[in-house]
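Reading through the structure tokens given below for one structure.
Each reported figure results from applying straightforward, stated rules to the coordinates on display, with no laboratory input. Given the structure is predicted, the values throughout are model-derived calculations rather than measurements. Reconstructed Cβ throughout: ideal geometry from the backbone, glycine too, with neighbour counts over all protein chains shown.
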Amino acid sequence: MIDVNVLTDFNPWWTGEKVSRALLGRHRRPLLSQIKKYLEKRQILLVYGLRRVGKTTLFYQLIDFLLNKKIDPSNIFYFSFDEKSATIEEILKLYQEKVLKRHFSQNERFFLFFDEIQKREDWQERIKIVYDRYPNIKIFLSGSASVALQKKSKESLAGRVFDFYLKPLNFAEFLGWREVSFDTTKLDLYNDKIFPFFLDYLRKGGFPEIVSETDDEIIRNYIKNTVLERIIYKDLPLEFGLKDAELLKILLEMIVTEPGMIVNFDKLARDLGRSKVTIINYFEYLKYALIIQEVKNLRPGFLVSSRKGKKIYPINSSFCFAYREDFYQEKVLSKIAEVVTVNFLEAAYYFRNSFEVDVVVKLRNKILPVEVKYGRVEEKSILKFLDKFEVPEGIIVSKDKYQEKNNLKIIPLWRFLLEGI
């Protein structure tokens, strides 16, 4: 059971206080402006993403925006299921009886923020009831998960929800937070200035709270303790009733130390002494938690992908830094560059047959191959791809080389992250 003091602690604006600067942070994410466009829409707004990327801060910024718009403070409600356990019915009943001292009125607008909603097993059905019963209530949800969260919202809340993915800071945002100025039309001039910040970005992965941290040990402990191990030892076991958190950690450490590995489930099952089904399911849990992503081998026809030969990557380069003391060795950085490229492009496919191309992006009207050559730049594979499939152009991501040819663009990774495709 919770009491009204818990709700008051979550909602200090009820007693005349402002949202503290510590909760608001110093910076505004681009997603904030995007979400503001939907405030007058009826639909629920769902924000999902990794732990510690700023979902709660985004909610407090939205609350501050509403307060500045002179919305009645008592009509704005926030609750975090990550910090307290309660049912949705329980907290809303308490809110109406002890704070509003009335039932939700059809003549007023109310704004309900539910943080880490996936912690409530039956959340989608309960939220649906509130949404359907009270058209004057605007509902905001956040969650530190992906596949199941979206799946449940689309199944039970079809037509009632808009979802938004809040990622860690991209490189341009990271530079802005570090107060690094540059001219996007003259990036050729900025290699020496920006490259050290790019290496810093690789180890921090764009997590807002460690943007200015300089100590490697603190950065590693932050990524391990507040992000990864919290998910592995608390979130996933609680969500799925898992008994083998150590298997999750073994798989994670394997992926972050050998990013881009091709998974052989039969061999893994034998080596780890677990069933193949268990191994496959635990990979799915890591995907669900937004820790890893898989990239499939695209067949020559470009219409289907092979079920075999999936590559597995961590979703963030900082995960590799957290578990590798040799992170800045050239050989390791070449793999980290591949991780960053795959993450940046949200890659779904690569190509491997008689030769291999790291990423194949399927755009609307064309296929774009992307190779990562962070060490010595080689063009052989990508040129084979262009020739074999009659594709007009390709991209090679390099460490520091920039060159444009008729059908091939070679571009430093730091610049690629700023320019895109």
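Here are a few things to note about the model shown:
- Taking a ≥ b ≥ c as the square roots of the Cα gyration tensor eigenvalues, segment 118-250 comes out oblate, since a/c reaches at least 1.5 and a/b does not exceed b/c.
- Only Lys, Arg (+1) and Asp, Glu (-1) charged, at Cβ; the chain dipole about Cα centre in debye: 1140 debye
- Residue-count net charge about F355 - beta-carbon cut-off 9 Å; Lys, Arg +1, Asp, Glu -1: +3
- Counting only alpha carbon atoms, the long axis of helix 380-389 and the longest principal axis of the chain meet at about 80°.
- Ranked by the mean number of other Cβ atoms within 10 Å per residue, highest first, peptides 273-281, 291-299, 51-59 order as 51-59, 291-299, 273-281.
- Counting Lys and Arg as +1 and Asp and Glu as -1 over every other residue whose Cβ lies under 13 Å from the Cβ of L248, the net charge comes to -1.
- Phi-derived couplings, Karplus 6.51 cos²θ - 1.76 cosθ + 1.60 at θ = phi - 60°, listed residue by residue for segment 163-170: 10, 9, 9, 9, 8, x, 4, 6 Hz, with x used for Gly and Pro.
- Long-range amide H partners of V361 with built H, under 5 Å: L368, V370
- Based on the Stokes-Einstein relation at 25 °C and a viscosity of 0.890 mPa s, and on the Kirkwood radius from alpha carbon pairs, segment 84-191 is assigned a translational diffusion coefficient of 144 µm²/s.
- Förster-model FRET efficiency, 60 Å R0, I2 and N191, C-beta, rounded to 0.05: 0.65
- Identified option (computed Rg and Dmax of the Cα atoms in Å; candidates (1) 21.6, 79; (2) 21.2, 58; (3) 23.4, 72): (3)
- The simple Förster model, with R0 at 30 Å and r as the Cβ-Cβ distance, assigns K84 and N221 a FRET efficiency of 0.70.
- Projecting the Cα atoms of F140, L100, Q61 onto the charge dipole of segment 4-165 (Cβ charges, centred on the Cα centre) puts Q61 farthest toward the positive pole.
- Cut-off under 5 Å, modelled amide H: who pairs with Y78 long-range: F113
- With each label modelled as a point 7 angstrom along the Cα→C-beta vector, the R109-I262 pair spans 5.5 nm.
- Using alpha-carbon coordinates, inclination of helix 330-345 to the longest axis of the chain, degrees: 50 degrees
- 15 Å beta-carbon shell around R178, net charge (K/R +1, D/E -1): -1
- Coarse-grained scattering of segment 4-165 at q = 0.09, 0.13, 0.15, 0.19 Å⁻¹, given as base-10 log I(q)/I(0) from a Debye sum over alpha-carbon atoms: -0.26, -0.57, -0.79, -1.38
- The amide H of V161, built 1.01 Å from its N in the peptide plane, has I44 as neighbours under 5 Å, considering only residues 5 or more places off or on other chains.
- What the Cβ-Cβ distance of A158 and E379 gives, at R0 = 56 Å and to the nearest 0.05, is a FRET efficiency of 0.70.
- Cα centroids of segment 228-247 and segment 351-421: 38 Å apart.
- Unit Cα scatterers, Debye sum, segment 38-110: log10 I(q)/I(0) for q = 0.20 Å⁻¹: -1.15
- Share of Cα-Cα pairs in segment 281-421 lying beyond 27 Å, as whole percent: 20 percent
- Value of D in µm² per second that Stokes-Einstein yields for segment 238-358, Kirkwood Rh from Cα pairs, at 4 °C (1.567 mPa s): 85 µm²/s
- A simple rule links phi to the HN-Hα coupling: the Karplus curve 6.51 cos²θ - 1.76 cosθ + 1.60 with θ = phi - 60°, which for segment 189-206 gives 8, 10, 4, 5, 6, 8, 4, x, 6, 5, 4, 5, 4, 4, 7, 9, x, x Hz, with x for Gly and Pro.
- Acute angle (nearest 10 degrees) that the helix 123-133 long axis makes with the longest principal axis of the chain, alpha-carbon atoms: 50 degrees
- Straightening the chain between Q43 and T15 buys 7.2 nm, computed as 0.36 nm per residue apart minus the Cα-Cα spacing.
- In the chain, helical runs assigned H by DSSP with n ≥ 4 each contribute -39500 (n - 2.57); averaged across all residues and rounded to the nearest 500, the mean residue ellipticity at 222 nm is -11500 deg cm²/dmol.
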